[in-house]
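A short worksheet on the structure shown next.
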Amino acid sequence: MASSKPLAPIVLFLLVALLMVADAQPAPKIDCPSACQACAKNWKNKMCNKDCNICCDKCNCVPSGTSQATRNECPCYANLKNSKNGKLKCP
């Protein structure tokens, strides 16, 4: 008959991991209108602001700048695509 001793640490580890995941709190919702203030300087500021707020609502983050160098700060925001044309959605 097989011993259950090697199984006990695995079960204990899985139980602890499950409790940690269950206890995790979601990140607080950011203030998207404030986070999208960089759009005020954009020549298409109304469209920029609309798209930024949509992306912010979906991703709960906005990169600190508008250049390609800062897009990696928020991968969700950087990779969201427009469902109609497949181009990047977020400014």
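Only the coordinates and a few stated rules stand behind these numbers; no lab work does. Owing to the predicted nature of the structure, the values given are computational and were not obtained by experimental measurement. For neighbour counting, all protein chains shown are included, and Cβ atoms are generated from backbone atoms with ideal geometry for every residue, glycine included.
Shown for Ile30, Ile10: other C-beta atoms within 10 Å of each C-beta, ranked fewest to most, produce the order Ile10, Ile30.
Ranked by the mean number of other Cβ atoms within 10 Å of their residues, highest first, the peptides 53-65, 35-47 come out as 53-65, 35-47. As a proxy for reagent exposure, Asp51, Asp31 were ordered by neighbouring Cβ count within 10 angstrom, fewest first; the result is Asp31, Asp51. Each residue in Lys81, Lys87 was given a count of other beta-carbon atoms within 10 angstrom of its own, and listing them fewest first yields Lys87, Lys81.
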